[in-house]
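Contents: one structure, followed by commentary.
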Amino acid sequence: MAMQSRLIKDQRSVSRVAANLECQFAFEKITYEAHITNLSMNGAFLSSSFTPPKNGHIVITLPVPHLKKVLILESKVVRTDGSSQHGFGAFAVRFSYSSLDLIELIKNLISQPLHKV
């Protein structure tokens with residue numbers, strides 16, 4: 001079984017970390033299920049059956065078991081990308097601010113290598 005790093009090489013100012021996280025987000029007082037496929041200190045890439053519009057403001061609720069709490073991330077949609085590998089709509093968000101809990105989550109994700117199947 002080969003292992004690969006969770007860090008995604010790119011030209012961004014902050015590297016993304018591959019993730020496989022279930023979450024919810026609220027847009028205009030309606031809550032939707034979503035999946036985070038990658039994450040950074042500045043934002044995330046999500047897929048969901050509902051894609052909010054570009055420049056829409058959403059609030060992501062992400063359970064973080066190892067922290068034993070829920071992480072709340074206020075965000076703005078910066079890009080929408082048709083469909084994801086999960087067959088849903090895909091979109092990128094930029095977080096309004098970063099928290100210590102987000103740093104801890106990313107640190108935990110980096111320390112767990114992905115397993116290639």
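Read-outs throughout are calculated quantities, based only on the coordinates presented, and are distinct from any laboratory measurement. Owing to the predicted nature of the structure, the values given are computational and were not obtained by experimental measurement. With ideal geometry, Cβ positions are generated from the backbone for all residues, glycine too; neighbour counts draw on all protein chains shown.
What the table shows:
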read-out: Relative contact order (%) - criterion: Cα under 8 Å, at least six apart; region: segment 19-111; value: 26 percent
read-out: Cα-based shape type of segment 19-111, given that a ≥ b ≥ c are square roots of the gyration tensor eigenvalues and the cut on a/c is 1.5; value: prolate
read-out: For segment 19-111, size of Cβ-based charge dipole, Lys and Arg +1, Asp and Glu -1, in debye; value: 160 debye
read-out: Calculated from backbone phi, Karplus (6.51, -1.76, 1.60) coupling profile of segment 68-78 in Hz, x at Gly/Pro; value: 6, 7, 10, 9, 10, 10, 6, 9, 10, 6, 10
